[in-house]
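Here is the structure we will look at.
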Amino acid sequence: MSLFGIKEQSEIRDLKAQLEQLRETVAEKSAEFEQKSSELDAKRKKLEEEREELKKIIPPESFELGDLKKEVSSQKDLLKKLRTESKDLSQKIAASKKELVEVSDAVQLQDFGLYTPHYNLMHADEYKAKMMEIRALQKDMVRNGSAVTGSQTWTVNGNASKGKKMVADMQKLLLRAFNAECDDVIEHVKYNNVETAEKRITSSQEAITKLGTIMGVSIVPSYYRLKLEELYLAFEYAQKKQEEKEEQREARAQMREEAKLTREIEEARKKLEKEQQHYNNALAKVNAQLDAASEEDRAAIEEKKSIIESQLQKIDKEFADVDYRQANQRAGYVYIISNIGAFGENVYKIGMTRRLDPQDRVDELGDASVPFNFDVHAMIFSDDAPKLEAALHNAFADRKLNFVNQRREFFNVTLEEIKKVVKENFDKSVEFVELAPAQQYRESILLRKKAHQQDS
């Protein structure tokens, strides 16, 4: 969101074009300085070579001593002058390069540091409100003329009024140039260029101060600091928005999991009710047969009845399990899975699901986003699955692969370390699959070797 209107935005774009032209001019002058410096060095070297050649071909006695001293002194003065000019040019080149704060993305990625937040607000809306507050302060300073300084004694042909207008025009021009540069920097700030963005704002403020030196025009420190505050807020606002998106995505995923569990429970209950009705009907028929059966047939019918009653007892138990899972919101499975083909050795995902069939969740994780299916090393049912999962996550908090997004559940640990924590927090009798089958991965290796052998 820009600080100025449509007309002013057009002027700002013109100013940005002028600034870009100035940068190109500086670059051209820098090249000229370097070329001239090289020419001076070459000239100095040539003079020294000529002097050495003169020493070789002209006998020293052919010169008068006074002439020789005069020539040497002249050569020394010329050499000193050339060195001074070369030094001045080098300084000008260095100063020109310093004004151009242009860093490639490749360099930024190699040289960015960890950003230390200036604000620790809870929600993105709070950052947005704070940013609006900062912009309002900027507008007030622009409106009351306190954003930029200017000489009060400047005159044009002895006319103080014209001098005041010229200073005001220069203030307006340079302030707009500074705002345009800041708007561009703030609009494109991201994690890998925030430090460079801060330097660009600082460099712009310093450059504008140099341009306005004659008229005493400069960006006041408080306005410059407000621009830096806006930069920090814009960056942290974007980060917080991304963080909230991740949280919302996680919440939606959790809701989908709960919905799937609800459907599974409903489907399981309907299936059990159907089976129960089937066996109840069968039991009724058997009981009717018993009433009319002879002693000879009674034993076989009793055996059949016993089987049916056993099935009904099993169904009752399954009903109880379904009821328990529906009532107990913390009951579920903690799974330990790996994917050697995708992540390598000793990388495990430790997660939790409340699905009636936890393998369904594992199969979903092994979709097209990874090249191979996950292998299950342990599937642990717990009355308090979140507690067990949290214990494992806390134990290996410093071993997470992703330190930025804490909701990612991949850890660089050994299976023995996981076993130890599980036994300390849950059950010592939990069985683990030591070696990951990684069938598709291992078959792919063999097929790749076979293909290479055929090619050779």
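FYI, it's all coordinate maths here, none of it is from the lab. Since this is a predicted model, take the numbers as computed values, not measurements. Here the Cβ positions follow ideal geometry from the backbone for every residue, glycine too, while neighbour counts run over all protein chains shown.
Overview of results
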read-out: Sites Asp455 and Lys241, calculated FRET efficiency, Cβ-Cβ separation with R0 41 Å, nearest 0.05; value: 0.20
read-out: Full-extension gain in nm, Ala160 to Asp316, via 0.36 nm per residue minus C-alpha separation; value: 46.1 nm
read-out: Too-long pairs where the Cα-Cα distance tops 29 Å, listed order kept, from Lys190/Lys400; Lys139/Lys210; Lys270/Lys420; Lys260/Lys349; Lys139/Lys199; value: Lys270/Lys420
read-out: Cut-off under 5 Å, modelled amide H: who pairs with Ala378 long-range; value: Ile336, Val433
read-out: Segment 332-455 - charge dipole about Cα centre, Lys and Arg +1 at Cβ, Asp and Glu -1, debye rounded to 20; value: 300
read-out: Estimated distance in nm for a label pair at Gln21 and Glu195, the labels positioned 7 Å out from Cα along Cα-to-Cβ; value: 3.6
read-out: Using a Förster distance of 25 Å, the FRET efficiency for Lys423-Asn402 (Cβ separation, nearest 0.05); value: 0.40
read-out: Value of Rg/Rh across segment 124-242 [Cα atoms, Kirkwood radius]; value: 1.07
read-out: Where a label projected 7 Å from the Cα of Met132 along Cα→Cβ would reach, residues of segment 227-247 with amide N under 17 Å; value: 230, 233-234, 237-238, 241
read-out: Cα centre as origin, Lys/Arg/Asp/Glu Cβ charges: segment 124-242 dipole, Debye; value: 440
read-out: Using θ = phi - 60° and Karplus 6.51 cos²θ - 1.76 cosθ + 1.60, couplings along segment 260-265 (whole Hz; Gly, Pro as x); value: 5, 4, 4, 5, 4, 5
read-out: Listed residue (Tyr232, Ile134, Ala124) projecting farthest to the positive dipole end of segment 124-242, Cβ model; value: Ile134
read-out: Rg and Dmax of segment 255-397, Cα atoms only, in Å; value: 22.0, 72
read-out: Förster-model FRET efficiency, 41 Å R0, Ser369 and Ala327, C-beta, rounded to 0.05; value: 0.75
read-out: Full-stretch length increase - Arg225, Lys285 - with 0.36 nm per residue and alpha-carbon distance subtracted; value: 12.7 nm
read-out: Gain in span if fully extended, Lys270 to Ala42, counting 0.36 nm per residue against the direct Cα distance; value: 72.5 nm
read-out: Charge tally in the Cβ shell below 14 Å around Glu303, where Lys, Arg are +1 and Asp, Glu are -1, Glu303 excluded; value: -1
read-out: Karplus-derived 3J(HN,Hα), 6.51/-1.76/1.60, for each residue of segment 384-396, Hz, glycine and proline x; value: 9, 4, x, 5, 5, 4, 4, 4, 5, 4, 5, 5, 10
read-out: Ranked list, fewest to most other Cβ atoms within 10 Å of each Cβ, for Val142, Val404, Val148, Val334; value: Val404, Val142, Val148, Val334
read-out: Note, ³J(HN,Hα) from phi for segment 214-226, Karplus 6.51, -1.76, 1.60, rounded to Hz, x at Gly and Pro; value: 4, 9, x, 8, 7, 6, 5, x, 5, 5, 4, 5, 5
